[in-house]
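One structure is given here, and the rest of the page talks about it.
The values are calculated or read from the model by the stated rules, or taken from the named source; none is laboratory data. Remember, predicted model here, so these are calculated numbers, not experimental data. Note: ideal-geometry Cβ built from the backbone for every residue, glycine included; neighbour counts use all protein chains shown.
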Amino acid sequence: MTATNYLQNDGRVHRFLRADTGRFLLPLVVLPGIAVLTLAVFGPWLAPHALGTTVGAPFQPPGDGYLFGTDRLGRDLWSQILYGGRGMLLAPLAATVATVVVGTAVGVTIGYLKGRVEAVILAALDLLLVLPPVLVMLVLATGWGGGAPVIVLTMVLTGAPFLARLTRASTLEVSQAPYVQVSVTQGDSTFTILRREILPNIVGPVLADSGMRFVGALYLVAALSLLGFGPETPKTDWAVMIRENAEGAGLNLWALALPTLMIALLSISANLVLQSIADRFAR
Amino acid sequence: MAAGIAVLWAVSLLLFLAIYVLPGDPASRILGNRATPEALAELRERLGLDRPITEQYLAWLAGILRGDAGASTTGAPVWPLLKERGLNSFTLAATASVLAVAIALVVGVAGGLRAGGPVDSTLSVGTLIGVSLPDFVLAGVLISLFAFVLKWLPPVSFLTAGSTPFDRPLILVLPAVSLAAPAGAWASRYVRAAVVDMRTAPNVEAARLAGLRTSRVLTRHLLPGVVGPIAQVLAAVTAFLVGGAVVVEQIFAYPGLGSLLAGAVAVKDFSTVLAAGLVMAATVIVAFMAADIIGVLTNPRLR
Amino acid sequence: MVNSLVGSRVRTSTQCRSSRLVMFVFAVALALLLSACTVTMEGAAEVPADSASEAAIESGGRVRIGAPSEAFDTFNPFFAQGLADWIGLWGVYDTLAWLVGSEVQMGLAESVTPNEDGSEWTIVLQEATFHNGSPVRPQDVVYSFATFADPEQAPFFAQFFVNIDIANIRILDEKTLVVPLHFPQGDFLDRNLATISLVVPEGTAGGAEAVGSGPFKLEAYEPGKSIRLVRNEDYWDGPPLLDGIEVIFIGDANARLNALKGGEIEYAAGINPAAARAEADNPDIQILPAGVANSTAHSFAANTTIPPFDNPDVVRALKLVVDREALVNTVLFGFGEVGNDVVGKGLAGYNDTLPQVERDVEEARRLFEAAGVTELSILTGEVYPGMVAAATLLAQQLAEVGVTLTLEEIPADQFFSDFVRLMTTPLQSTIHTNRPAAVHAALMTGSQGGFNITAIAGEEYDALLGALVAEVDSDRRLELGMDVQEYLYHHDGMIIWAFQEDINAAAPGLNGVIYSQSAPRFHLASYSE
């Protein structure tokens, strides 16, 4: 029902989703992308001040040795930014990987093995597809509070069905191809065929899709923090910083602008990077 | 239709189970650390939690079928509030969808017709950035610019007793644009793909070779072919907007379904969470079904 | 806010983490209310000094008020918790008596007088009618008391009514009733009635059809949207100046400020201190810090019966190590005043003869070393903005004297919910609504205190407090209050480091807003653009 047609189209539509972006994008991606990713990963080691240390008056403008001034508790804003990136990167990354793995596994399995189980699983996938991610996230959050597990589970539940549909369509297509049929008649094991013939052919669309998965997961992480389910102090992330520091934008604009900018940059560059990689694979 | 109802029923079961299976039963979550064995037992009895779960589910389902979604923790019936908030959310989502489609069509067709060219590449980069730009970031920028620098639009979108969004449509503009820009950018990529696909379709090729003007090829042959896929994308956008506007609603103080859900989750008001979740899922199902119908109607091979 | 209103915050603060900002605002609003009271009250009562306010004292105008609510607003006086609800309720309903700053003022009650030992109180009502034309009767008061006393219907307020022997209330005539108490109480008016004593018509409970006897009539109420009130031309105390007010539910403090700056509302109930600082020079809005009388007291609470704080020297050392000025400037953005370990600053009966506790690092170090204390831990949570920040700063201040402080942070929605934990934690962050010292002491401290987390009690103190509570003569009660405060100052483990003011903001033409227990009241307000 419902979502089915749209997603079955996807295998076909997806070929055209790959714009000729790589050439133009690379230079755009490389600098800010690497910068933001580096800061997110290595930030805690680069931070001039320890996490959560108050160094002066709150919402001081840049100066006095504080690159971007201070936040609402008088902590060095730049240090907080450096500490706040990992959660922002890791939770969506974990969610993306989990979604891709689960979605691909389910999709390839039902696409290649078919059978009666397929119909049942497809129906279950359709069911999950009508659940809005924010709803799932909030329901899970009532039980478990915030945190990465809620994000990962939400993304797997709401994103994997989409991916499963996608990879199932690609798998069906590839498995009909003559060279795969030859492989089958040669008596290669199912596993070998999957690994050698099928997986390489679906890597492109899956990667292209994973960019959007990452963006979606990052948005959920941010939304959870913005709604007040974020990490508890002193732990922080960029969305928590937006929430905490919005009130002080009039005193130190960076306190609001910098975390906002970092989230936007991370989201954009992660998507662009994954898109460029997908383009590579597609050629 | 039957399929839709079946899915909706399955969703209700899923939501109900999720709430009851998650760590801590509703009673212990409502009481939190105040939970003493006596208080728990008393509250469980009051909420009917001491009955078997199947019985509870059937009772709840029977209520829903009668149009009674139960009472919230304040004792007020859930349904009237839900209806009002749902309509507000729907109005905002519809406005955002229209904007998103406009963006998607213009950008997607422009890029698709010139696939591979510099315009296309630029637009592709643009839409990738647009897709990745969180709505709350955009909302902040739009408020500063249009409400405080230019003073054209209100910075908040609250409603007062007795008023609806239609009484002051201007309040919808900023939240709708914040939501529509990422959604439109996302949808435009599918439109572009569909246009590229259709460009090589036999009837379009033929029309072009017959020397028809580009605009005519576009309106008569190309666009009708992409309506189906676009309807599907539109349905996905609507689905996203119905549930996904929580943060934007909060920023603009707009009384919608998302903020109701967030509030209900925070105070562990399960009747409201269940009912709101059901309404959201129903909207998504209807949107996809409508898209399916549009797809069938506009596809000559299926008609 | 109701939590603050009620004082003992035994109920989960707002279970709503997403509304921490809201709570913040609330509390801020509450505090503001109290402090602004004094200022604005004078302005309204006397002829305002500047011509702008003079022009403002004209009838007319409507004021839109942005205020936070809890997740769900109800407009039910027995159940309401959100500030928005309460601004509306205090417009529609009258209270028998109410607090303006530290002054108890008579409202719907013409007089409230105790018998000799405070075991019976006679209430005489004003000649007043409800908005539907029916008179306010003693029966309505009895019904209101009975409903408030029912923990099922009024879970947050019942504690203020438990001492009333409702079954034995006697109605003498159509204006007079005699209220017996289970236990004699000299401060029944100050402590109970002035805190909450709303009167509703018998058999009602607010809602969309609410009918009261207050200065404004309810015109429309829709949950999640607004409460619209119009002037009650027949108000017994004279009709208000404003044509009407509309309380609009805006949960986010930044959104409220945006709405005010954008001209969408005329009054923002509760804005963030940093934002207030930033907008101080904006000519289009007036920032209204409510002053210390409408404030929230921030404390580090040390339980005097649990080691190491059973050693008075350790408590003393802790008091000396806290840099109160730094906390006020950093955590409160200067919107507050340093505390002196007694609640009630800026209010009647405050003992300001006690010397201000000053920081003394050397003495603190010596006392900690002598007691062998090198490590402490504090339980904290962001129940109210700044609590965790203050604990963080305390850790740094303690480090200066060689004591390591570990922060144990728990979610705000669980902070006040575990009563046993609250009573057995050696050191924790806490907050109190600033209320008159005598009222606070009676509510919170001593063996009978409902929320005595420092375990300050003992025969000597209980006797002091008992005398205070039972005293009917108000001058004598004032003296006894001073003694109680002095005892607390020397022996309690409650380190009240600051009073955080509520901060509201308004359009320039709005004057005469009065604050009662941190909630604004608009019946004497005027507005001209």
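Things to note:
- Scanning the stretch B:10-26 for residues that are among the small types (Gly, Ala, Ser), at pLDDT below 75 and out of contact with any strand residue (DSSP E or B) (no Cβ under 9 Å at 6 or more places or on another chain) turns up at least one hit.
- Test: residue in the stretch C:395-404 that is outside any loop (DSSP other than H, G, I, E, B) and farther than 30 Å from C:Glu362 by Cβ: no
- Candidates are the residues of the stretch C:60-103 that are within 22 Å of C:Asp140 (Cα to Cα) and aliphatic (A, V, I, L, M); the one that is nearest to the other protein chains (Cβ to nearest Cβ) is C:Ala80.
- Verdict on B:Ser157 being within 9 Å of chain A (Cβ to nearest Cβ), in contact with a Phe, Trp or Tyr (Cβ under 7 Å, 6 or more places away or on another chain) and either closer than 23 Å to B:Ile230 by Cβ or polar (S, T, N, Q) (or both): no
- Restricting the stretch C:440-455 to residues that are within 16 Å of the chain's Cα centre (by Cα) and among the hydrophobic types (A, V, I, L, M, F, W, C), the residue that is surrounded by the most Cβ atoms within 10 Å (Cβ to Cβ): C:Ala441
- Going through (1) in contact with an Asp or Glu (Cβ under 6 Å, 6 or more places away or on another chain); (2) within 11 Å of chain A (Cβ to nearest Cβ) one by one, B:Ser72 falls short only on (2).
- When C:Phe183 is tested against the conditions (1) surrounded by 18 or more Cβ atoms within 10 Å (Cβ to Cβ); (2) part of a loop (DSSP other than H, G, I, E, B), the lone failure is (1).
- For the stretch C:454-474, a residue qualifies if it is in a loop (DSSP other than H, G, I, E, B), under 29 Å from C:Leu318 (Cα atoms) and either in contact with a Pro (Cβ under 7 Å, 6 or more places away or on another chain) or not polar (S, T, N, Q) (or both), and the qualifying residues are C:Ala455, C:Ile456, C:Ala457, C:Gly458.
- Residue match in the stretch C:427-447 (condition: within 14 Å of another protein chain (Cβ to nearest Cβ) and in contact with a helix residue (DSSP H, G or I) (Cβ under 7 Å, 6 or more places away or on another chain)): yes
- Any hit, the stretch A:223-230, residues being in a loop (DSSP other than H, G, I, E, B) and over 9 Å from the mean Cα position of the chain (by Cα): yes
- The residue that is modelled with the highest pLDDT, among those in the stretch A:111-151 that are more than 7 Å from every other protein chain (Cβ to nearest Cβ) and outside any helix (DSSP H, G or I), is A:Gly147.
- Among residues of the stretch B:171-199 that are closer than 16 Å to A:Ala208 by Cβ, those with a beta-carbon under 6 Å from a residue that is surrounded by fewer than 23 Cβ atoms within 10 Å (Cβ to Cβ) and not hydrophobic (A, V, I, L, M, F, W, C) at least six positions away or on a different chain give the pairs B:Ala185/B:Gly130.
- Selection status of B:Gly140, farther than 24 Å from A:Ser276 by Cα and either more than 9 Å from every other protein chain (Cβ to nearest Cβ) or not hydrophobic (A, V, I, L, M, F, W, C) (or both): yes
- The stretch B:162-266 holds helices (runs of 4 or more DSSP H) entirely within its bounds, and those carrying 1 or more residues that are at pLDDT below 75 and either in contact with a strand residue (DSSP E or B) (Cβ under 9 Å, 6 or more places away or on another chain) or more than 12 Å from chain A (Cβ to nearest Cβ) (or both) map to B:202-209, B:223-244.
- Applying the condition of being closer than 14 Å to C:Leu288 by Cα and within 10 Å of chain A (Cβ to nearest Cβ) to the stretch C:254-272 and asking which residue is modelled with the highest pLDDT yields C:Leu257.
- Only one of A:Leu258, A:Leu218 that is within 21 Å of A:Ile81 (Cα to Cα), more than 15 Å from the chain's Cα centre (by Cα) and crowded, with 21+ Cβ neighbours inside 10 Å: A:Leu258
- Boolean, C:Gly270 is assigned to a loop (DSSP other than H, G, I, E, B), of a type outside the set (Lys, Arg), at positive phi and within 24 Å of the chain's Cα centre (by Cα): yes
- When C:Ala280 is tested against (1) surrounded by 22 or more Cβ atoms within 10 Å (Cβ to Cβ); (2) over 30 Å from C:Met106 (Cα atoms); (3) hydrophobic (A, V, I, L, M, F, W, C), only condition (1) is not met.
- Condition broken by C:Val199, with the remaining ones in (1) more than 27 Å from C:Gly466 (Cα to Cα); (2) of a type outside the set (Ser, Thr, Tyr); (3) surrounded by fewer than 23 Cβ atoms within 10 Å (Cβ to Cβ) satisfied: (3)
- Taking the criterion of being surrounded by fewer than 18 Cβ atoms within 10 Å (Cβ to Cβ) and part of a strand (DSSP E or B), the only residue of the stretch C:408-439 that qualifies is C:Glu408.
- Among all positions in the stretch A:66-81, there is no residue which is within 19 Å of the chain's Cα centre (by Cα) and surrounded by 24 or more Cβ atoms within 10 Å (Cβ to Cβ).
- The single condition among (1) within 24 Å of the chain's Cα centre (by Cα); (2) without any contact (Cβ under 8 Å) to a residue 40 or more places away in the chain; (3) more than 14 Å from chain A (Cβ to nearest Cβ) that C:Ala275 does not satisfy is (3).
- Evaluated against (1) away from every other protein chain (no Cβ under 14 Å); (2) more than 30 Å from C:Gly386 (Cβ to Cβ); (3) modelled with pLDDT of 80 or more, A:Gln176 falls short on exactly one condition, (3).
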